[in-house]
Amino acid sequence: GSAVVVTRREYGEGDVRLVAFVQLVSEQSPAWGDGALVESLREHAATLLPSYLCPSNYIVVPEMPLTAQGKIDLSRLR
């Protein structure tokens, strides 16, 4: 399995994109070194969402940063 957080990120003036941060949470998760996981997530999102809501980038993170309250700290996702 995996955990995914999607947020918006600015890449320049007027260039705002959705970015997905992915954390693998199971030893049974697919290998992502070859891009297979990212491609699988991209395809899955495309079957569920309109194209303008699909993330343009997928970033694999070792763990999701948390606030003191235990919520995901979006400001620390980079």
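With the helix formula -39500 (n - 2.57) applied to DSSP H stretches of n ≥ 4, the chain reaches a computed 222 nm mean residue ellipticity of -5500 deg cm²/dmol.
Label-to-label distance for LEU48 and VAL16 is 2.3 nm, based on points extended 7 Å past Cα in the beta-carbon direction.
Put a plus charge on the Cβ of each Lys and Arg, a minus charge on the Cβ of each Asp and Glu, and nothing anywhere else: the dipole of the chain about its Cα centre is then about 240 debye. For SER56, the shell of other residues with beta-carbons less than 11 Å away shows a net charge of +3, using +1 for Lys and Arg and -1 for Asp and Glu.
Values in this text are rule-based calculations from the coordinates and carry no lab data. Quick caveat, the model's predicted, so the values are computed rather than measured. Neighbour counts are summed over all protein chains in view; Cβ atoms, including those assigned to glycine, are modelled from backbone coordinates with ideal geometry.
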